[in-house]
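Participant: Got a structure for you, written out below as structure tokens; questions coming shortly.
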Amino acid sequence: MDKLLINGGKKLSGRVKISGAKNACLPILAACLLTKGEVCLKDVPLLSDVHFMKKTLERLGVQVYSSDDGLKIKAEVIHGEGPPFDLVSRMRASFLTAGALLARRGRVRISLPGGCSIGRRPIDLHLKGFRALGAKIEETCGYICIQSKELKGERIYLDFPSVGATENLMMAASRAKGITVIENAAEEPEVVDLANFLNALGAKVSGAGTKIIRVEGVKHLGGAVHTIIPDRVEAGTFMVAAAVTGSRIILDNVILDHLKAVAAKLKEAGACIKEHSDGGILVNGENCSRPIDIKTLPYPGFPTDMQAQFMVMLTLAEGNSVITENIFENRFMHVSELNRMGANIRVEGASAFIQGVQRLQGFPVRSTDLRAGASLVLAGLVARGRTEVLEVNHIDRGYCRIDEKLRKLGADIHRVKMEEDIEAETETAVPR
Ligand code: UD1
């Protein structure tokens, strides 16, 4: 696995273009299974997760071609009973193919996605919704078989506004008979992007972005051209990069409306964020040193996917901060690594108590998951001396060329390819 070498202490400046959103792209790729029509997706981010979802579609017999600015997808025929175990076990988001395959073929066999490093991540809400639509579900030997001769629209109340469950059910309902109403639905911008994509195919989805989504099933879906929304978590990560290094940078391809909670919290800490006269969003992190408290919540609350990055900023604040993680039960794995770099963080239950310190010190650290890995890169940017971030594959799942983008802004950061992986990577490499 590659590692990143970062010599900290450099100010950042200039512009960075934010890529298309991973969390919008993955469900939209799954939704391509709903139609025989040709789909053209633009602003597809070059990420390993996207690569694995593309592979999942290909293994199901779908034709996927890369074009200059994205992907062309045609699911004329679908082979097999469901996505292969090796890809579902590698990437939880492959489970998003279940709703589309159930709607298109009346049956899907898929392995249980299991837990992951940030928490248990059950799928009970997805299954509850499929059952409500009339599907029968059997579990055997780690596989789930979901089937229904005809899905029928129904009212479904989600006990928690799960992003994945909302998306899977929207896809299944789009070809069900009658009207489905999803109550307590997730309101994330990525859910809205999926709804817009489904509607471009000919579906009838309304209310996405609110707690109640209504889907009127249709018999036929066609093709569409769709541009993926910008990645709000990548944008937020670069905003924090400006804040921790005390720099001014401009972000292009950002929808600030999707970043209200993140921008509000950065401003509370002392940053200045505004639209730039030449376009883009200017982030001035020169005076970002106030301690703040954060509670992660479903959208429009503060995103769990930005918690680790903010924690780095707060390790250097002038005072004490508290971060409470309300979405995932095990999302503080970056804490021990940050403490090894000189931070003063104590975890009690779902809260991390952060006492600001004068400086962080470069150190070899290991990324354990995507956002934890990003936080260690941010820590490396501001730490004194050299930081080595190991297991960069976690970061590559969700950040498009993070090292190149940061280097262009003036950071001293380099990727070291690890010898033993070069052979394996020629098999699985994301096109660059
Ligand atoms: C998505 C995002 C992920 C983000 C998360 C929360 C994608 C590909 N990933 O993940 O980056 O961190 O939303 O914003 O879009 N839950 C259940 N039962 C279920 C489903 C979920 O109890 O059937 C729980 C989960 O364990 C978790 C919470 O609900 O505690 C939120 O999960 P969910 O919103 O489903 O997250 P994902 O869709 O997996």
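The values are calculated or read from the model by the stated rules, or taken from the named source; none is laboratory data. Remember, it's a predicted structure, so these values are computed and weren't measured experimentally. Note: ideal-geometry Cβ built from the backbone for every residue, glycine included; neighbour counts use all protein chains shown. Protein only, heavy atoms only, side chains kept; ligands, DNA and RNA dropped before computing areas. Shrake-Rupley method; radii C 1.70, N 1.55, O 1.52, S 1.80 Å.
Participant: Protein chains only, probe 1.4 Å: how do M313, M333, M1 rank by accessible area, largest first?
Facilitator: So, going from the largest accessible area down, we get M1, M333, M313.
Participant: GluC sites (Glu not before Pro), restricted to the stretch 1-85: which are DSSP loop and have at most 12 other Cβ atoms within 10 Å?
Facilitator: E76
Participant: Expressed in nm to one decimal, what extension gain is obtained for the pair K11 and E348 from 0.36 nm per residue of sequence separation less their Cα-Cα distance?
Facilitator: 117.9 nm
Participant: Could you go through the stretch 177-182 in sequence order and give the Karplus-derived ³J(HN,Hα) for each residue, using 6.51 cos²θ - 1.76 cosθ + 1.60 with θ = phi - 60°, rounded to whole Hz, and x for Gly and Pro?
Facilitator: 7, x, 10, 10, 10, 9
Participant: Given a Förster distance of 30 angstrom, what is the FRET efficiency for V225 paired with D252, based on the Cβ-Cβ distance and rounded to 0.05?
Facilitator: 0.85
Participant: Another question about this same structure. Can you give me the long-range amide H partners of I156? Hydrogens built in the peptide plane at 1.01 Å from N, cutoff under 5 Å, separation of 5 or more residues or another chain.
Facilitator: V181, I182, E183
Participant: Would you tell me the accessible area of K55, worked out with a 1.4 angstrom probe on the heavy atoms of the protein chains, in Å² to the nearest 10?
Facilitator: 70
Participant: Can you give the log10 of the normalised intensity I(q)/I(0) at q = 0.07, 0.09 Å⁻¹, computed with Debye over equal Cα scatterers of the chain?
Facilitator: Each listed q corresponds, in turn, to -0.33, -0.56.
Participant: Report the local net charge at L338: Lys and Arg +1, Asp and Glu -1, summed over other residues whose C-beta lies under 15 Å from its C-beta.
Facilitator: After counting each charged neighbour, the total is +3.
Participant: May I pose another question? For K10, which sequence-distant residues (separation of 5 or more, or a different chain) have an amide H within less than 5 Å of its own amide H, given hydrogens modelled in the peptide plane?
Facilitator: Here the answer is D412, since their amide H atoms fall under 5 Å of that of K10.
Participant: Calculate one ³J(HN,Hα) per residue across the stretch 145-154 by plugging θ = phi - 60° into the Karplus curve 6.51 cos²θ - 1.76 cosθ + 1.60, and present them in order as whole Hz with x for glycine and proline.
Facilitator: So the Karplus estimates, Gly and Pro as x, are 10, 10, 8, 6, 5, 8, 6, 10, x, 7 Hz.
Participant: Could you state the number of Å between the C-alpha centres of the stretch 260-321 and the stretch 182-206?
Facilitator: 28
Participant: Of A176, A200, A30, which is the most mobile in a GNM of the chain whose springs link Cα atoms less than 10 angstrom apart?
Facilitator: Ranking A176, A200, A30 by mean-square fluctuation puts A200 first.
Participant: Only Cα pairs under 8 Å and at least 6 apart count here; give the relative contact order of the chain as a rounded whole percent.
Facilitator: Over the chain, the number comes to 21 percent.
Participant: On average, how much accessible surface per residue is there in the stretch 224-338, in Å², for a 1.4 Å probe, leaving out ligands, DNA and RNA?
Facilitator: 35
Participant: A further question follows. For the stretch 80-152, state which trypsin sites (Lys or Arg not before Pro) are in a DSSP loop and have at most 10 other beta carbons lying within 10 Å of their beta carbon.
Facilitator: R120, K149
Participant: Would you calculate the separation in nanometres between label points at N199 and Q63, each defined as 7 Å from the Cα along the Cα-to-beta-carbon direction?
Facilitator: If labels sit at N199 and Q63, their model points lie 3.0 nm apart.
Participant: Show the residues, 5+ positions off or on another chain, whose built amide H is closer than 5 Å to the amide H of K177.
Facilitator: L151, K152, G153
Participant: Quick one: of the DSSP bridges fully inside the stretch 22-227, what percent are antiparallel, nearest 5?
Facilitator: Antiparallel: roughly 75 percent of the beta bridges in the stretch 22-227.
Participant: Which value, in Å² rounded to 10, gives the accessible area of H394 with a 1.4 Å probe and all protein chains present?
Facilitator: Surface open to solvent at H394 totals about 40 Å².
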